[in-house]
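Visitor: Before we start, here is the structure in question, set down as structure tokens.
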Amino acid sequence: MQQVVKMVDTLNKAVGIILSLMLGVMSILIIVQVISRFLIHFPLTWSEELSRYLMMYIVFAGASLAMRHNQLISIELLPELISAKKRKVVIILVAILSIVFFGILFFQGLNMLEHVQAQTSPGLGISMAIPYAALPIGSLLLALNAIALIFDISSKKEDEK
């Protein structure tokens, strides 16, 4: 179990670095787009589209990092009212249900890739499979992090939090 958690944590470090780079590129692109549109009066036709596609990857991969540390937005009324042992069970059940959802999302994302791979994006001229791949990649990362969360929580003792 601990090997799986360590493997996912190593993957998450790489994902975090990639996310940082993507966020930096997206921020620079948006600034350059604003400058080129309003100061130079020469808008870049592809920068807004690339920024949008980068944002899709950032959201999915960032959500997977939040999943690993149980930091996704949630309503915690029930877990706060029950004992630590029951709270652990509730968190694990929610993670298992999430894995089922991420599995459905993964396979539907793959199905969607088949339908859009022949289409090209208007600004960049790339296959639409590239931006749509954020869905299966992100859902796979989310599922892996949910599994690591389950292993991590189930291995903790009652007095740990």
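Visitor: Restricted to segment 114-143, and to residues that are β-branched (Val, Ile, Thr) and in contact (Cβ under 8 Å) with a residue 24 or more places away in the chain, which residue is surrounded by the fewest Cβ atoms within 10 Å (Cβ to Cβ)?
Guide: Only one residue fits best here, namely Ile130.
Visitor: Taking helices (runs of 4 or more DSSP H) that do not extend beyond segment 1-113, which have at least 3 residues that are modelled with pLDDT of 95 or more and surrounded by 13 or more Cβ atoms within 10 Å (Cβ to Cβ)?
Guide: Because the criterion is at least 3 residues that are modelled with pLDDT of 95 or more and surrounded by 13 or more Cβ atoms within 10 Å (Cβ to Cβ), the helices (runs of 4 or more DSSP H) in segment 1-113 that meet it are 2-38, 47-68.
Visitor: Do you know which of the residues in segment 128-154 that are at pLDDT 95 or above and hydroxyl-bearing (Ser, Thr, Tyr) is farthest from Ala61 (Cα to Cα)?
Guide: Within segment 128-154, the match that is farthest from Ala61 (Cα to Cα) is Tyr132.
The values are calculated or read from the model by the stated rules, or taken from the named source; none is laboratory data. The structure presented is a predicted model; accordingly, all values stated were derived computationally and were not measured. Heads up, the Cβs are rebuilt from the backbone with ideal geometry, glycines too, and the neighbour counts pull from every protein chain shown.
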